[in-house]
1. For segment 112-123: of the residues being hydroxyl-bearing (Ser, Thr, Tyr) and at pLDDT 95 or above, which is nearest to residue 192 (Cα to Cα)?
2. Give all pairs with beta carbons closer than 7 Å in which a residue from segment 258-270 that is small (Gly, Ala, Ser) meets a residue that is surrounded by fewer than 13 Cβ atoms within 10 Å (Cβ to Cβ) and modelled with pLDDT of 90 or more; count only pairs at least 6 apart in sequence or on separate chains.
3. Which residues, taken from segment 124-140, are modelled with pLDDT of 80 or more and either closer than 15 Å to residue 185 by Cα or not assigned by TED's automatic domain parsing to the domain that holds residue 186 (or both)?
4. Mind listing whichever residues of segment 247-270 are within 17 Å of residue 196 (Cα to Cα), in a strand (DSSP E or B) and either in contact with a Pro (Cβ under 6 Å, 6 or more places away or on another chain) or not hydroxyl-bearing (Ser, Thr, Tyr) (or both)?
5. Would you mind finding the one in 33, 67, 44 that is crowded, with 18+ Cβ neighbours inside 10 Å and either more than 25 Å from residue 203 (Cα to Cα) or at pLDDT 65 or above (or both)?
6. Does residue 267 satisfy being surrounded by 14 or more Cβ atoms within 10 Å (Cβ to Cβ) and over 16 Å from the mean Cα position of the chain (by Cα)?
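The values are calculated or read from the model by the stated rules, or taken from the named source; none is laboratory data. Quick caveat: nothing in here was measured; it's all calculated off a predicted structure. Because the Cβ atoms are built from the backbone with ideal geometry, glycine has one as well, and the counts that use them run over all protein chains shown.
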Amino acid sequence: MTVTFLGVMPDPSVDRKIISGSVNCPVRRYCQLCLLIRPQRIKLTCTILDSVAETIDDTPYIISAPLTTEPRMTSQRWRRMKAWEHSCRALAERMYPSQQMPYPPTGEKLSEAYWRTLIFGTNSEQKGCDPASPELGQTYKTWVSAFSTSYDVTKSLEEQAPGGTGQLDLEALYQSIRLVAQAEESYPFEAAFRDYSGGRKFCAIKKGYLGWVSVAARTGNTVCYFEANPLPFVIRRCEMQGYRLIGDCYLYGMMRGPPRGLPMKKIVLF
């Protein structure tokens, strides 16, 4: 049966910026149907890659907090973004205590694999068709520094809001100018980050691979590849001696299908 899969996931190795079209694959049929009905069960063959080791559950990047509204929430958001990025970096470093150890799927240094994972390995302008350019590594550093600058500026604005003098001091003015420059320089990274991060959270699986999973995923959920499909998925064992489909998954360097030699397994999706 020819069916359609609905989903979006970048993959620089294959030109499929929007994965949709006619394919003969049962799992893609399930992905479409689960939006409309809950079938009793579907039997599938998959390759089990690993399980989710840890996720960063806070998702401040999903919250809309314009600078022009709710200033108090704005400063809290920048503080959360700074803490979120620190947590993601700390997770990556816990998976690789030796910073000199290369990231297995690509052979890159952990620092490079990490920032590339944050933007799903792609340039925003190319929408998943080309690997992220090396220059984005520098804009990543500016992007992170902008969190601190943004917090300092918005905090000063809050302290000098209607109840205060209503004027920025020289330090706050300097920080405001600096923030504008940082925002402009870090825009390419920010745009790439926001292309795919919505509805997902940063994670690491037990093998050490870094990536993103659905916000519904949990530690211990299984990561697998369904037969004839190079895209990894997250499934969760349920009480009915089967699994539930949680969502697609992005693992940096692991978007060309499962490694060779892993056994196939027949499962039932409820």
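1. 117
2. none
3. Matches in segment 124-140: 133, 134, 135, 136, 137, 138, 139, 140.
4. 247, 248, 249, 251
5. Values: 33 fails: crowded, with 18+ Cβ neighbours inside 10 Å; 67 fails: crowded, with 18+ Cβ neighbours inside 10 Å.
Of 33, 67, 44, the one residue that is crowded, with 18+ Cβ neighbours inside 10 Å and either more than 25 Å from residue 203 (Cα to Cα) or at pLDDT 65 or above (or both) is 44.
6. Criteria met by residue 267.
Results for (1) touching a Phe, Trp or Tyr at 6+ places or on another chain (Cβ under 7 Å); (2) outside the structural domain of residue 264 (by TED's automatic domain parsing), shown as yes or no for each residue.
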{"residue": "190", "(1), (2)": "yes, yes"}
{"residue": "210", "(1), (2)": "yes, no"}
{"residue": "215", "(1), (2)": "no, no"}
{"residue": "219", "(1), (2)": "no, no"}
{"residue": "223", "(1), (2)": "no, no"}
{"residue": "226", "(1), (2)": "yes, no"}
{"residue": "230", "(1), (2)": "no, no"}
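The rows are residues; the columns are (1) outside any strand (DSSP E or B); (2) among the acidic types (Asp, Glu).
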{"residue": "192", "(1), (2)": "yes, no"}
{"residue": "195", "(1), (2)": "yes, yes"}
{"residue": "203", "(1), (2)": "no, no"}
{"residue": "213", "(1), (2)": "no, no"}
{"residue": "220", "(1), (2)": "yes, no"}
{"residue": "225", "(1), (2)": "no, no"}
{"residue": "229", "(1), (2)": "yes, no"}
{"residue": "234", "(1), (2)": "no, no"}
{"residue": "244", "(1), (2)": "no, no"}
